[in-house]
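To start, the structure under review is shown below, and the notes come after it.
The values are calculated or read from the model by the stated rules, or taken from the named source; none is laboratory data. Nothing here was measured: the structure is a model prediction, and the numbers come from that model. Methodologically, a virtual Cβ is constructed for each residue, glycine included, from the backbone with ideal geometry; neighbour enumeration extends over all protein chains shown.
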Amino acid sequence: MQRLPQVLQSQLLQPALITLLATLADGCRDIARQISRGAVAGVLGNAGAENVQGEAQKKLDVIANDILKALLLAEPSVRALASEEETEIVAANPDGRFLVAFDPLDGSSNIDINGSVGTIFSIFEAPGATPVTEADFLRPGRQQIAAGYVLYGPSVMLALTAGQGVQFYTLDPVSNEFLLTSERVAIPAQTQEFAINMSNQRFWAEPMRRYIADLLLGKDGPRKKNFNMRWVAAMVSDVHRILCRGGIFSYPWDRREPDKPGKLRLMYEANPMALLIERAGGEAWTDAAKILDLQPEHIHQRVPVILGSAEEVLHCISYHTGR
């Protein structure tokens, strides 16, 4: 099996980008080790503080952020970074060529129950002028030059798009290397699986309520087929399932906080996942537009998310647009 650097070299990527992706992989190996030690290392539970989102930080949220932040600040090719756990962007190396945005540990509610969690990252070319500002990060997701996630599950897996298509790599515990295990990830256009937090349905907008209601009617409803629901409460896990076998995932707008368009962050979650999904043949939307076409307004912006198997996502969007 090919190692991660070998595959990236074969795709003729910039050497600096290959080095940066290898650095991110190194950081995720360190995070995987911390997660695997769990209660033995005393890394479970709350850290006793809130992040910029007003959410209680877990100890592993802080640990994962510190690991990636230290490695990226030391990487010469990184101009600046933005993290879900940081209030503002963090300047790195003035001559760096890349901007990196990341969610250091997605699925924090799963940490203390030994459930799957992950790291999500997004890479842009840095602008020519220095010093870098937040505005330099605020570009549509189609301008990402690479994106991916690492899933910390029964095996540690990296999903990456940086050159052609989407690849899966699995961390070999013997060699401690990420090895290529799926060269061309492709999402089936049709599906009979959906992922959504049903406990919030009374707060959803009417089009999403109608769409899910029709799925639940199964063969007796307008869809004429039965659907199964899957919900892991970690976006990385739900998106990974879709990349493996299809499905639709949504975290829609709801009226509990009507001034917030959604729960998921555009820069750290929606954009990188949308790039992976589209390059694997799927679709990724808000309730009104393609995610990768959005012009970000600030680095912690939230958006509704509907992504997955192309035909199913477009069917869901038709409930919102009337087309």
Subject >> Residue list for the range 261-301, filter: farther than 15 Å from Ala82 by Cα, assigned to a strand (DSSP E or B) and under 13 Å from the mean Cα position of the chain (by Cα) >> reply: Leu264, Ala284
Original post:
In the range 230-245, what residues are in a loop (DSSP other than H, G, I, E, B), in contact (Cβ under 8 Å) with a residue 40 or more places away in the chain and in contact with a strand residue (DSSP E or B) (Cβ under 7 Å, 6 or more places away or on another chain)?
Top reply: Ala234
**OP:** Mind listing whichever residues of the range 92-117 are assigned to a strand (DSSP E or B) and either free of Cβ contacts under 8 Å to residues at least 60 places away in the same chain or surrounded by fewer than 23 Cβ atoms within 10 Å (Cβ to Cβ) (or both)?
**Re:** Leu99
Subject >> Boolean, Ala147 is more than 30 Å from Arg223 (Cβ to Cβ), of a type in the set (Gly, Ala, Ser) and either part of a strand (DSSP E or B) or at pLDDT 95 or above (or both) >> reply: yes
Subject >> Qualifying residues in the range 153-202 (those that are in contact with a Gly (Cβ under 6 Å, 6 or more places away or on another chain) and surrounded by fewer than 16 Cβ atoms within 10 Å (Cβ to Cβ)) - the one farthest from Ala213 (Cα to Cα) >> reply: Arg184
Subject >> Flag if Ile277 is aliphatic (A, V, I, L, M) and crowded, with 23+ Cβ neighbours inside 10 Å >> reply: yes
Subject >> Test set (1) touching a residue at least 24 places away in the same chain (Cβ under 8 Å); (2) outside any strand (DSSP E or B); (3) touching a strand residue (DSSP E or B) at 6+ places or on another chain (Cβ under 8 Å) - Ala186 fails condition number >> reply: (3)
Original post:
What number of residues within the range 277-323 satisfy the criterion of being in contact with a Pro (Cβ under 7 Å, 6 or more places away or on another chain) and acidic (Asp, Glu)?
Top reply: 2
Subject >> Tally, over the range 203-223, of residues that are more than 14 Å from Pro252 (Cβ to Cβ), of a type in the set (A, V, I, L, M, F, W, C) and surrounded by 17 or more Cβ atoms within 10 Å (Cβ to Cβ) >> reply: 0
**OP:** Report, ordered by the first and then the second residue, all pairs with beta carbons closer than 7 Å, sequence separation of six or more or different chains, a first member in the range 205-229 that is in the same structural domain as Arg255 (by TED's automatic domain parsing), and a second member that is among the basic types (Lys, Arg) and part of a loop (DSSP other than H, G, I, E, B).
**Re:** Asp214/Arg223; Leu215/Arg223; Gly218/Lys225; Lys219/Lys225
Original post:
Does Gly165 satisfy being in a loop (DSSP other than H, G, I, E, B) and touching a residue at least 40 places away in the same chain (Cβ under 8 Å)?
Top reply: yes
Original post:
With respect to the numbered conditions (1) assigned to a strand (DSSP E or B); (2) basic (Lys, Arg); (3) within 20 Å of Arg265 (Cα to Cα), which one is the sole condition not fulfilled by Arg79?
Top reply: (3)
**OP:** Would you mind stating whether Glu177 is out of contact with any Ser or Thr (no Cβ under 9 Å at 6 or more places or on another chain), among the charged types (D, E, K, R), within 25 Å of Gln11 (Cβ to Cβ) and touching a residue at least 12 places away in the same chain (Cβ under 8 Å)?
**Re:** yes
